[in-house]
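S.K.: Structure provided below as structure tokens; questions to follow.
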Amino acid sequence: MNNFIFKIVKNFLSHLGRKTGLTYTEINILVYYFLIPFSWLVLLDIIFDFHYLKIAFVFYCLGFTVGCRNFRTYSDWLFDKSVTFLNDFNKLGSNYVISSVWICVFIPIVIYGVLLYFIL
């Protein structure tokens, strides 16, 4: 099941990359380090009835955009660091695919569930 979920997510991100002209690593970084956190901050702003978190994140993204000289190189570097992090769980009997599915799919779904619970 983990392999199946991993392949679905990988194929979806690869498809997004082809549609946008970005590499797989660029799309991966945009989704997991920018889009998903931004959506969580939007939900937190709804829960607490203010706009500070998403506004702060937009300023962070603007600063990042101005300061990042080569997003492709940065994405490759950060993706490699992410792979290393996920592979660190191998010491606990996991593997890259299982760690990816748990940390990058299941945990975000749980976080969305908790945030939506407090909204609804």
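S.K.: One residue is enough: does segment 88-99 have a residue meeting the conditions surrounded by 11 or more Cβ atoms within 10 Å (Cβ to Cβ) and touching a residue at least 24 places away in the same chain (Cβ under 8 Å)?
M.R.: The initial filter retains those residues of segment 88-99 that are surrounded by 11 or more Cβ atoms within 10 Å (Cβ to Cβ), namely 88-90, 94-99.
Now narrow it down to the ones that are touching a residue at least 24 places away in the same chain (Cβ under 8 Å): 97-98.
For segment 88-99, residues surrounded by 11 or more Cβ atoms within 10 Å (Cβ to Cβ) and touching a residue at least 24 places away in the same chain (Cβ under 8 Å): present.
S.K.: Exactly one of these conditions fails for TYR74: (1) surrounded by 13 or more Cβ atoms within 10 Å (Cβ to Cβ); (2) hydroxyl-bearing (Ser, Thr, Tyr); (3) without any contact (Cβ under 8 Å) to a residue 40 or more places away in the chain. Give me its number.
M.R.: Evaluating TYR74 over (1) surrounded by 13 or more Cβ atoms within 10 Å (Cβ to Cβ); (2) hydroxyl-bearing (Ser, Thr, Tyr); (3) without any contact (Cβ under 8 Å) to a residue 40 or more places away in the chain leaves (3) as the failure.
S.K.: Sticking with this one: For the structure I just gave you, tell me whether ILE29 is closer than 22 Å to ASP80 by Cβ, surrounded by fewer than 16 Cβ atoms within 10 Å (Cβ to Cβ) and hydrophobic (A, V, I, L, M, F, W, C). Can you show your working first?
M.R.: On the way: closer than 22 Å to ASP80 by Cβ: yes; surrounded by fewer than 16 Cβ atoms within 10 Å (Cβ to Cβ): no; hydrophobic (A, V, I, L, M, F, W, C): yes.
Taking the combined requirement at face value, the residue does not satisfy it.
S.K.: I've got another one for you. Counting only residues that are out of contact with any Phe, Trp or Tyr (no Cβ under 8 Å at 6 or more places or on another chain) and closer than 24 Å to ASP80 by Cβ, how many does segment 32-44 have?
M.R.: Residues flagged as out of contact with any Phe, Trp or Tyr (no Cβ under 8 Å at 6 or more places or on another chain) and closer than 24 Å to ASP80 by Cβ within segment 32-44 amount to 5.
S.K.: Within segment 38-52, track down each residue that is touching a helix residue (DSSP H, G or I) at 6+ places or on another chain (Cβ under 9 Å) and under 12 Å from LEU115 (Cβ atoms).
M.R.: SER39, TRP40, LEU41, VAL42, LEU43, LEU44, ASP45, ILE46, ILE47
S.K.: Give just the number: which of (1) surrounded by 15 or more Cβ atoms within 10 Å (Cβ to Cβ); (2) in contact (Cβ under 8 Å) with a residue 12 or more places away in the chain does CYS61 not satisfy?
M.R.: (1)
For every residue, the table says whether it meets (1) more than 15 Å from VAL58 (Cβ to Cβ); (2) free of Cβ contacts under 8 Å to residues at least 40 places away in the same chain; (3) in contact with a Cys (Cβ under 9 Å, 6 or more places away or on another chain).
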residue: ASN11; (1), (2), (3): yes, yes, no
residue: LYS19; (1), (2), (3): yes, yes, no
residue: THR23; (1), (2), (3): yes, no, no
residue: TYR33; (1), (2), (3): no, no, no
residue: VAL42; (1), (2), (3): no, yes, no
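S.K.: For segment 103-120, enumerate the residues that are part of a helix (DSSP H, G or I) and free of Cβ contacts under 8 Å to residues at least 12 places away in the same chain.
M.R.: First, pick out the residues of segment 103-120 that are part of a helix (DSSP H, G or I): 103-119.
Selection gives PHE106, ILE107, ILE109, VAL110, GLY113, VAL114, TYR117.
None of the figures in this text is laboratory data; all of them are computed from the coordinates on show. Quantities reported herein were computed from a predicted structural model and do not represent experimental measurements. Every residue, glycine among them, receives a Cβ derived from its backbone with ideal geometry; neighbour counts consider all protein chains shown.
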